[in-house]
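This report refers to the structure that appears directly beneath it.
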Amino acid sequence: MKKLITLKLFLIILFSQSLSQVPDNDNFIITHGPWLQYTGQTEVTIMWTTNKPAIPGINLTGPDGKARFIRNSTDGIVDGGGTLHKVKADGLTPGTSYKYSLHSVQVLKYQAYKVYYGDTLVRRAETFVTPSKGTDKVSFTVFNDVHELSGKMASYLRNNNVAGQEFWFFNGDMVNFLQDPAQLFAGFIDTAVAFFAAAKPFYLIRGNHETRGYAARRVKDYFTFEDNRFYYSFDWGPVHFTVLDCGEDKPDNNRNYFGLADYNAYRMKELEWLKEEVKSDAFHNAKYRIVMIHMPVVKEEKQNWAMKFLSDNFGPMLSVAGIDLMMSAHIHRNVFYEKGKSGFTYPVLANSNNSFVTVVAGSDGIKAVVKDVSGKTIAEYNIR
Ligand SMILES: [Fe+2]
């Protein structure tokens, strides 16, 4: 009898132990997103996070009703195993509406000779539209200097005619610093997702505040940048956009950078890229050329060290290249420098930290409207 009780006890302990060893696959959820990144005429990149490691994929359905399951791979290894996910779909048709749903397979164990999968999460379908070829109009909105005040950004969006925009630029200083990547979500990504980012992309432009703190080294993981650079260009409708990275505001040897700043060399490398960029066919053949940069490249503004560097080195090159508009931020004031009055041949619209700008570029020129948090128009500019 005693032996039987001991055996029973042994079995109970064994069973309860084996139960406790069943990996926990409850509460496997999507924690952020999806947020769309670069959306070209033939491609889109979709990002999201899960609370537990997963292998990401997307189910993509075109207008013909045919579904495609897409996973990416790098160097022969299927992407995944972490909690931050990025899936690019290419070979798309311009001007076409696609449905997609996120597909996340939980990874319980990931070893050389043993991989255990848990739950599969398939999220409800969302829709995005690829930009059309040869369209003569584009509408977009610019936010900047939000400095993690996502409530203010939500007010912008409530007054933004979201349905009428094709994409958004976040022109720098969206956060105060980056010690923890979670600041990106609380600061602006989650708000973008709540209003539009599952269906339309935003483009992050680095300001001087996105460079500060340990997690500044991880910014590229959370977004998509052409050729993995913070300076790049793309075309949408009649506009060729040149996106520039201003770097930090103070000299590299400033004590606040603790010997970790190397922006002089970085900006000179960027300048070499810009030299080629302004010679490119895409730049020349576009109906309009708009330069996006966090710090205004002007001569008149009271300049910090970086702004002086940019106006000495970048301004003359952009002046000769011929651009129609520069859109900037950083100075926390609304200023419009007319062509010639910026110190260069191009006009500059610097948007404050309490307003946003809607832009329509079409056959009549470029119309930029500056609006306050309640959506009231502060100023309107027509560039022809
Ligand atoms: Fe700034």
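The values are calculated or read from the model by the stated rules, or taken from the named source; none is laboratory data. As the structure is a computational prediction, the values presented were derived from the model and not from experiment. Here the Cβ positions follow ideal geometry from the backbone for every residue, glycine too, while neighbour counts run over all protein chains shown. The accessibility values were calculated without ligands, DNA or RNA, using every heavy atom of the protein model including side chains. Shrake-Rupley method; radii C 1.70, N 1.55, O 1.52, S 1.80 Å.
Couple of notes before you dig in:
- Surface accessible to a 1.4 Å probe, per residue, for the residues of the chain, Å²: 47 Å²
- Cα→Cβ-extended label distance, 7 Å offset, between T31 and T74, nm: 1.9 nm
- Counting only lysines at least 8 places from K52 when in the same chain, those with an alpha carbon closer than 16 Å to its own are K86, K109.
- Two-site FRET efficiency, D252 against F336, from Cβ-Cβ distance with R₀ of 25 Å, rounded to 0.05: 0.20
- Remark: the A194-L108 segment gains 28.0 nm on full extension, using 0.36 nm per residue and subtracting the alpha carbon distance.
- Under the Debye formula (equal points on every Cα, no solvent term), log10 I(q)/I(0) of the stretch 109-177 at q = 0.12, 0.14, 0.18 Å⁻¹: -0.62, -0.72, -0.85
- As a fraction of the 1.4 Å probe accessible area of the chain, surface on carbon and sulfur atoms comes out at 53 percent.
- Stretchable slack from A265 to T61, in nm (0.36 nm times residue separation minus alpha-carbon distance): 68.9 nm
- DSSP beta bridge pairing in the chain, given as percent antiparallel to the nearest 5: 75 percent
- Convex hull volume per residue in cubic angstrom - Cα atoms of the chain: 184 Å³
- Dipole magnitude for the stretch 187-235: about 220 debye, using +1 per Lys or Arg Cβ and -1 per Asp or Glu Cβ, origin at the Cα centre.
- Virtual spin-label span in nm between T377 and D312, 7 Å along Cα→Cβ: 4.2 nm
- Contour excess over end-to-end distance, with Cα ends at K133 and H284 and 0.36 nm allotted per residue: 52.6 nm
- Pairs from K200/K376; K200/K367; K99/K279 whose Cα-Cα separation, in the structure shown, is over 29 Å: K99/K279
- Simple label model, 7 Å out from Cα along Cβ direction - E300 to K275, nm: 3.1 nm
- Among the listed pairs K302/K341; K250/K371; K250/K299; K137/K302, those with a Cα-Cα distance over 24 Å are K250/K371; K137/K302.
- Restricting attention to the stretch 171-329, close to 35% of DSSP beta bridges with both partner residues there are antiparallel.
- Rounded to 5, percent antiparallel among DSSP beta bridges of the stretch 241-384: 65 percent
- Under 12 Å from a label point set 7 Å out along the Cα-to-Cβ vector of A186, the amide N atoms of the stretch 141-159 belong to 148-150.
- Evaluated with a Cβ-only charge set (Lys, Arg +1; Asp, Glu -1), the chain carries a dipole of roughly 1020 debye about its Cα centre, given to the nearest 20.
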